[in-house]
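**Student:** Dropping a structure here in structure tokens format, bear with me for questions.
The values are calculated or read from the model by the stated rules, or taken from the named source; none is laboratory data. Just so it is clear, the structure is predicted and the values come from calculations on it, not from any experiment. Cβ coordinates were reconstructed from backbone atoms using ideal geometry, including for glycine residues, and neighbour counts include every protein chain displayed. Ligands, DNA and RNA are stripped out before the accessible areas are found, and what is left, the full protein with its side chains, is counted by its heavy atoms. Shrake-Rupley method; radii C 1.70, N 1.55, O 1.52, S 1.80 Å.
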Amino acid sequence: MAETKKRGRRWAPIHPVNTHAGHLAQFLRHQVDASGKTLAVLAGEVGYSKSQVSSLLGGRIPPRRFVIALISATVPNLLHERRQAEALRLLHDAEHPPRTSASTVPAQAGAVTLAQTQADQIQVYERLTRALEQEGELRKAAENSARLIWVLLGMVNRLDDRVRVLSGERDRLARQVAGGTVEAAEMRLIRAEEQKAKAESELRRAEEKKKQAESLADRLREEIEVLTDELDRLRGDGPSPHDDLPRQDVRLYEGPTGDAEADDIDTALARAAAVNDEDSDTIDRISTEITGGPAMVETVPVIVPDNAPTSPDVANKPAAQLKQEAEAAAESGNAAEAAFLYGALATLTSAYLGARHTDSLNHRDFHAEWTGEAGDPATARDLHANLVEDHTHALGPDHEHTLTSRNNHAYWTGEAGDPATARDLHAALVTDRTRILGPDHEHTLISRNNHANYTGEAGDPATARDLHAALVTDRTRILGPDDNDTLLSRHNHAHWTGRAGAPATARDLHANLIEDHTHALGPDHKDTLDSRHEHAYWTGEAGDPATARDLYAALVTDRTRILGPVHKDTLLSRNNHANYTGEAGDPATARDLHANLVEDLTRALGPDHKDTLDSRHEHRRWEKEAGKPPLAG
């Protein structure tokens, strides 16, 4: 028995309040039909009753909120922004229809003039109808190609793995046995390599078809707008002949999933080729109708294997390769390279999966983090702000990933030079994490730590001290006294105690921390060295510059041994050692220490870096002090 073609939803006739409201209703009905959802399902998703949805799709001017909700409920992520923009443009036209005269045909015009106007109207309507049909076909072809590109990217990645496995199997068999077994392995490898080449070829075809279809569709959209305006001009205020324009029922091609078996891979490649062929025929046919010739095919070069990561062609790499290179850059600590590669990967996955797909959100998060680590906190802040919005939309405001995005946004806001806003963002996050996760959850405690630090940075060290004191108590209770986070809170509490005006207390707190850090982490651990640095600083601030000088001298020796002479922490300790040497009554030695430091800072950071300039300033200060005669006894 032959399969009959299913008919679409039986909609009631559209009775528009104006022509543009009719266009909008027809457009929104198309989205509903393409989604396959019933009005009962949509009612629950858009917040309107079934009868209200039906009424608002019957020609009334709907609220903006309804239009946005309907597009969100019916349109895939890949097309969401484009469809929403089109719907809102139609809504604007419906809300602000152009004024037209009662009739474009003067009353004194005869029957011949009226007939000519009606003939022109019919001709324009037919051209508009055909343009809409062509645009629908091209949008479908572009969407097919977009889906196919992502399928083929995954297939190329899987075939890379298959070739690697089969190569190893062939080599292993060649060492162990001879004859037919090795030959069979060799044939499987050759077949896999041919399949990979075929997949890459179809991938390039799909990318080219997508570009051609989108270019032609954009050209048709301009023509459609011109024809629509012309038809409205000819029609005046009479009934519209294009209230029932052709439906554009777009069905995306469902690409194959593939598996490890060569026969299934061949089948998948055959389907991919068939889709490419069908889309190519569609594009060439419409291009011939529009331009008089088939679409021009650009020469797509084969991907250069050794393409540099910073090359403009990085987007041509498969997603798996970009991910691997980005992870390697992150592992090596190359922040700028990791930021660039994760940015390219985020762009690729967002284009084919949508910006709010889980993979896209993960890659965007890594891009934002490494952008900040690469020295651009303002951009990292803005990237995380967008992520907060998209995580909230995709996962909800209370999801752990949404909360993490809020934490990262607050952190980079502070690092970008706005500690007061960072403080307020962290305060709100503390409230929400306490409600959702509980007061003793590690993420709640992290938010409390960040809130306390940015409270101090915003100019309130006494409150920061008290917040950290409470956090020390809670972390000691929850995690124990020797946990790294507990020790970190003790370090921060000691620091803000000093900033709040109690340097002697800060000195003693850090002295205790040195002992506990050494016991828990070892004498060469970074946190132990940081505590020694703070202890020396607050010793000097408490009125004992000679002891501070000696403490820094020992710390410079150890940091130079462990970190190197031009590590930023070593340079900081050398700076403080020089200053406290001068404060202890030896300005000549302080001058010489800063002279050496200026040379190393210039070599490490450049002559115009802030730290270099500060050290030059200190050198001149101690040079002047060394030139003064000693005070009379």
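**Student:** Got a number for carbon plus sulfur as a percent of segment 505-633's accessible area, 1.4 Å probe?
**Tutor:** 52
**Student:** Something else now. How far is it, in nm, from the label point at Arg603 to the one at Glu225 when both lie 7 Å from their Cα along the line to the Cβ?
**Tutor:** 6.2
**Student:** For an R0 of 60 angstrom, estimate the FRET efficiency from the Cβ-Cβ distance between Thr434 and Lys624 and round to the nearest 0.05.
**Tutor:** 0.65
**Student:** Okay, next question. Evaluate the distance, in nm, between pseudo-label points positioned 7 Å from the Cα of Thr129 and of Arg82 along their respective Cα→Cβ axes.
**Tutor:** Inter-label distance under the simple model: 2.6 nm.
**Student:** Quick one: accessible surface of Lys568, probe radius 1.4 Å, all protein chains present, in square angstrom to the nearest 10.
**Tutor:** Roughly 140 Å² of Lys568 is accessible to a 1.4 Å probe.
**Student:** Could you compute the FRET efficiency for Ser55 and Ala427, with r as their C-beta to C-beta distance and R0 at 51 Å, rounded to 0.05?
**Tutor:** 0.65
**Student:** Which value in nm describes the separation of the simple spin-label points at Ala320 and His393, placed 7 Å from the Cα toward the beta carbon?
**Tutor:** Taking the simple label geometry, Ala320 and His393 are separated by 3.1 nm.
**Student:** So how much slack lies between Ala174 and Asp277, counting 0.36 nm per residue of separation and subtracting their Cα-Cα distance, in nm?
**Tutor:** Full extension of this stretch gives 33.0 nm more.
**Student:** For segment 514-633, what is the charge dipole size about the Cα centre, in debye to the nearest 20, if Lys and Arg each add +1 at the Cβ and Asp and Glu each add -1 at the Cβ?
**Tutor:** Working: 15 positive and 22 negative charges, 101 e Å.
My answer is approximately 480 debye.
**Student:** Longer than 32 Å from Cα to Cα, which of Lys140/Lys198; Lys323/Lys610; Lys211/Lys323; Lys526/Lys628 are they? Say none if no pair is.
**Tutor:** Flagged as over cut-off: Lys323/Lys610; Lys526/Lys628.
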